[in-house]
Amino acid sequence: MSNTGISQDDISQDELRREQEFIDGLYTRVDALRGDTETSVTDALAQGNTPMQARLERDILVAERSGLLAALDAVDGSLCFGRLDLADGTGHHIGRIGLREDDSERTPILIDWRAEVARPFYLATGHTPMGLRRRRHITTEGRRVTALHDEILDLGDETRTGYEDPSGDAVLLAALDSARTGRMGDIVQTIQAEQDRVIRAPHQGVLVVEGGPGTGKTAVALHRAAYLLYEQRELLAKRAVLIVGPNPAFLGYIGEVLPSLGETGVLLATVGELFPGVRATATDTPDAARVKGRADMAEVLAAVVRDRQTLPDPVIAIEHDREILMLDDDLVRVARERTREAKLPHNAAREHFEGYILNTLTEMAAERIGTDPYDGSNLLDPSDITQIRDELAENPEVWSAIAQLWPRITPRRLIADFLADPGRHLSAEDADAVRRPVTRAWTVADVPLLDEAAELLGEDDRPARARAERERETQIAYAQGVLDVSYASRTYEFEDKEDSDPDGSEVLSAHDIIDAERFAERHEADDHRSAAERAAADRTWAFGHIIVDEAQELSPMAWRLLMRRSPTRSMTLVGDPAQTAEAAGVGSWDGILAPYVENRWEHTRLGVNYRTPAEIMAVAAGVVRAEQPDFEPPSSVRSTGVRPWARRAAARELPAEVAKAAAELTPAEGRLAVIAPRALHRALAARLDGVTAGAEPDLTRTVVLLDPRQAKGLEFDSVLVVEPGRFGTSDLYVALTRATQTLGVVHAEELPGALGEGLEAA
C-alpha cells in the first residue's frame, strides 16, 4: 500500500467519504419512497370510476407502504450502523430495517440487523471470523457520518483503512459511558454474543432470561420482541406482542426502543392496565397485596360467586293470574344444581337457570289451572302449557325472583362487594388486610382479581346480541337510503341528457353491484385499529407472544391473568430472583411456571454487567453476601476508578445535606436519581429544584426522586441513596446498582454493616 503513493490520511478520508455517499444514497431512496407514496395515494383518489374503487386503491397503497414509512420515520437519522466486508470481496451494510433499491429489486441495499446474513456482525471473532474480513461500526448524527471503527477479523489481511480499533470495544465502551437521557436506547449496534443468542433463541415456548443488574436483560427482551416480529411477521401482525413492565415510568423509559427498531405494533402495559376500562391508581399495603396475590384467591372468588347463587329464605311468593306460586328452597336448589352441572360461567349460565325456574313455575301453574277436580287428570294440551309459560315470562315478579336468586353480576361489582365485606371468605387477619370501602380506587393487585371474576362470571351476551341486531338494522336502513339517493341522482343525470346512452348499453349504478345489507357490512367491517389497539380493548385477546420484565415480582394471581392471554405459552420472561421485593412476588422460576408448563421451559442466564462499574458492584454484592454468602453477582466489564462514598448528617439537616450532595453529583450531561424511602420524599422534594413528591416521575428531568421499587429496571449516570438502613436487602441491592458512573450515600441513621464497610467516607 505504501508503494501506491497514497497516504494513510487520504485513505481514511476516502473511506469516510465513501460511507457518507452510501448514507446519502439511502436517504435519497427514503425520500423517494415518501414522495412516491404521497403521489400514488393522491392519484388513486383523483382517478377511478367510483369513490369506492379509489378508496380500495388508496387502502392497498397505504397498507403496502405505511408500515415501512412508519419504521423509517422512527429510525430516521440512524438508519445504518455497520458494514460487513466478506473474505470474497463482497460486503453488506447493516441497519435497523431492511431497504431495497426499488420495489422490484430482490437484493437489499441495506440488510436488516435481524436477517441471518447479518448475524456475523454480532458473533464473528478473530478465532471464528464466520467468513468476514472486516467488521465496521458506523456512527452517525442525523444523516452525517461522524466516526468509523473497524475490527480486523482476517488476521492475515494487511489492508488498513485508518479506522482500525485494536480492542474492538471502542463502540461498546462509548455507549456505556455516554450520558443517559431518561429514555432507554436500543443496543442494536453493540449487541454482544451472549445477548444475540438469547435474542434469536429458537425456543417456541417459555424462555426465561435471568440476569443481575446491568446485564441488559430488558434490552435483550425488547430486541427479542423485534426479532420475533421480523421472523413471525404474519402471525404477530395479527396477534400482537404484549410487553408487561413493573410500572408506568418504566414503560415510558423503554417506550422508544422498539420504534427505533422499526416496530410499532406492540402493546406496552403494566398488570394494572390489563383489564379494559380499569386503571389502577391506588396503592395497597404490602399485606393487602400479599393476600390478594395468593393463588388460593381463585378458590375464594369461586366461592364468592357461588354464594351469589342464593336460595329462598324461606320462600318467594309470585302472584300470577290470581294464583300465588311459591318457590321454596327445595325447588330452587334443584334448579341451581342442574344449572351448575352445565359448568358454565355464572352470567352465561343464567339462561339455563331462567329456563329451569320458568319450567318449574309453568308446571306448578298448569297443575292448579288444568287439573280435573274429579279424576285428577290434566285437561291442558301442549299449546296451553306453552301459553302459560309465555305469560309467566312476561310477569315482572318472575324476573324479580330470578334476579334475586341468580343475579347478573359485573366483575367490578363482585370484587368491590367482596373487598368491602371479605369476612365470610377470609381469616380475620387477611380480611382486615384487604377490607376497604366500595368507593375506593382500584389497585394493581385488584386487576388480577377482576380478571378472575370475569372468567368466573362470563357474559350473558343476549342483551349485546339484541343491541347489535338493532344497530345492524339501523345501518342497513341508512345504507338503503344512501343507495336510493345514489340511484335517484344517477337516473336524473341521464334522463336530463338527450344522448345519455346512445349505444343502448345499461348504465350501472350502485344498486346493480351491491345491496344495502352488503353495503352496511362493508362499512361495519372497517376497523383501522392496529392489532395492539384492538388487543388493549379486548380482555380475551390471545397474544402471539408475551414478554414480562421483572417477572419475579408478579403474584400467582397475576400469572393466572397473563397465562390466559397466552394460550400457546409463547413467552419471554426476564428478571432476577435476587431482586424480588414485592410481598406477593413468586421469586423462583419453578414456582411461577410449574402450574402451567411443568418443566417444559428453557432457562438462560446473562452473566456480564455492562452498566455498573466494578467499584459500585463490589459494594452492592457485599450487601447481598451478608445474607447469602454464596451469592455471585454479574461481572462488570469496566472500572471507573471512583469508589462509592457515604456522608452522615444530623437528622434535622438531612434534606439540606441531600440537596447539597445532589448538586455535587448532578452531571453536566445526563441524569441523577435520588433514591429514598417514600416517607422522606416530601421533605426532600422541598429542597430539590424542579422535583415534585408523589407525582409519576419524569425520567427525562436532570434530577429524579424515586423509591427503590420505582427505580427497578432504570439506570442513571449518578445515584444518591438516602437512608439505606430503611431498605430491605432486595430494595437496597436495586438502589445501589442503578448508576453507570458514580454512587453516593447520605444518611442520618446507622448504615447496614456490610454497606458501611464498603463505602468511602466523604
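The values are calculated or read from the model by the stated rules, or taken from the named source; none is laboratory data. None of these values were measured; they are calculated from a predicted model. All Cβ positions, even for glycine, are placed from backbone atoms using ideal geometry, and neighbour counts span all protein chains on display. In case anyone asks, the SASA skips ligands and DNA or RNA and just uses the protein heavy atoms, side chains included. Shrake-Rupley method; radii C 1.70, N 1.55, O 1.52, S 1.80 Å.
Table for the structure above
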read-out	value
Positions within the range 526-547 being touching a helix residue (DSSP H, G or I) at 6+ places or on another chain (Cβ under 7 Å) and among the aliphatic types (A, V, I, L, M), in sequence order	531, 542, 546, 547
So residue 218, is it under 14 Å from residue 187 (Cα atoms) and open to solvent by less than 30 Å² (accessible area, probe 1.4 Å)	yes
Residues (of a type in the set (D, E, K, R) and open to solvent by less than 60 Å² (accessible area, probe 1.4 Å)) located in the range 422-461	430, 436, 446, 451, 452, 460
Condition check for residue 657: under 22 Å from residue 745 (Cα atoms), open to solvent by 20 Å² or more (accessible area, probe 1.4 Å) and either over 25 Å from the mean Cα position of the chain (by Cα) or at pLDDT 95 or above (or both)	yes
Count - residues of the range 247-258 that are surrounded by 24 or more Cβ atoms within 10 Å (Cβ to Cβ) and under 12 Å from the mean Cα position of the chain (by Cα)	0
Residue match in the range 642-649 (condition: among the hydrophobic types (A, V, I, L, M, F, W, C) and under 30 Å from residue 555 (Cα atoms))	no
Residue identified as under 30 Å from residue 358 (Cβ atoms) and either among the hydrophobic types (A, V, I, L, M, F, W, C) or open to solvent by 20 Å² or more (accessible area, probe 1.4 Å) (or both) among 287, 307	307
Set 156, 214, 185, 255: member being out of contact with any helix residue (DSSP H, G or I) (no Cβ under 9 Å at 6 or more places or on another chain) and closer than 30 Å to residue 577 by Cα	255
Residue among 224, 294 that is of a type in the set (Lys, Arg), open to solvent by 30 Å² or more (accessible area, probe 1.4 Å) and touching a residue at least 12 places away in the same chain (Cβ under 8 Å)	294
Test: residue in the range 412-427 that is in contact with a Gly (Cβ under 9 Å, 6 or more places away or on another chain) and touching a residue at least 24 places away in the same chain (Cβ under 8 Å)	yes
Residue tally, condition over 21 Å from residue 443 (Cα atoms), part of a loop (DSSP other than H, G, I, E, B) and out of contact with any His (no Cβ under 8 Å at 6 or more places or on another chain), over the range 278-315	5
Filter result (part of a strand (DSSP E or B) and of a type in the set (A, V, I, L, M, F, W, C)) within the range 187-230	206, 207, 208, 209
Condition met for residue 237 (more than 14 Å from the chain's Cα centre (by Cα) and part of a helix (DSSP H, G or I))	yes
Residues of the range 528-558 satisfying the condition of being assigned to a loop (DSSP other than H, G, I, E, B) and either open to solvent by less than 70 Å² (accessible area, probe 1.4 Å) or modelled with pLDDT under 60 (or both)	530, 537, 538, 539, 541, 542, 543, 544, 549, 550, 554, 555
Criterion: within 30 Å of residue 580 (Cβ to Cβ) and either modelled with pLDDT under 95 or among the β-branched types (Val, Ile, Thr) (or both) - qualifying residue of 362, 310, 270, 264	270
Conditions (1) farther than 30 Å from residue 175 by Cβ; (2) open to solvent by 30 Å² or more (accessible area, probe 1.4 Å); (3) aliphatic (A, V, I, L, M); (4) in contact (Cβ under 8 Å) with a residue 40 or more places away in the chain: number failed by residue 683	(4)
Meets criteria (at pLDDT 90 or above and either within 40 Å of the chain's Cα centre (by Cα) or open to solvent by less than 30 Å² (accessible area, probe 1.4 Å) (or both)) for residue 146	yes
Output for the range 172-194, where each listed residue is in contact with a strand residue (DSSP E or B) (Cβ under 7 Å, 6 or more places away or on another chain), within 19 Å of residue 253 (Cβ to Cβ) and not hydrophobic (A, V, I, L, M, F, W, C)	180
In the range 611-651, the residues that are open to solvent by 20 Å² or more (accessible area, probe 1.4 Å) and either among the basic types (Lys, Arg) or assigned to a helix (DSSP H, G or I) (or both)	611, 614, 615, 618, 622, 625, 638, 643, 647, 648, 651
Flag for residue 181 being open to solvent by 40 Å² or more (accessible area, probe 1.4 Å), closer than 24 Å to residue 613 by Cα and in contact with a Ser or Thr (Cβ under 8 Å, 6 or more places away or on another chain)	yes
Failed item, numbered, when residue 322 is tested on (1) modelled with pLDDT of 95 or more; (2) surrounded by fewer than 16 Cβ atoms within 10 Å (Cβ to Cβ)	(1)
Selection count where residues are of a type in the set (S, T, N, Q) and touching a helix residue (DSSP H, G or I) at 6+ places or on another chain (Cβ under 6 Å), scope the range 639-659	1
Hits in the range 563-582 (condition: assigned to a helix (DSSP H, G or I) and in contact with a Pro (Cβ under 9 Å, 6 or more places away or on another chain))	563, 578, 579
Selection within the range 668-709 - in a loop (DSSP other than H, G, I, E, B) and closer than 23 Å to residue 729 by Cβ	676, 677, 707
Output for the range 691-715, where each listed residue is open to solvent by 50 Å² or more (accessible area, probe 1.4 Å) and either within 30 Å of residue 175 (Cα to Cα) or in contact with a strand residue (DSSP E or B) (Cβ under 7 Å, 6 or more places away or on another chain) (or both)	696, 698, 700, 701, 702, 709
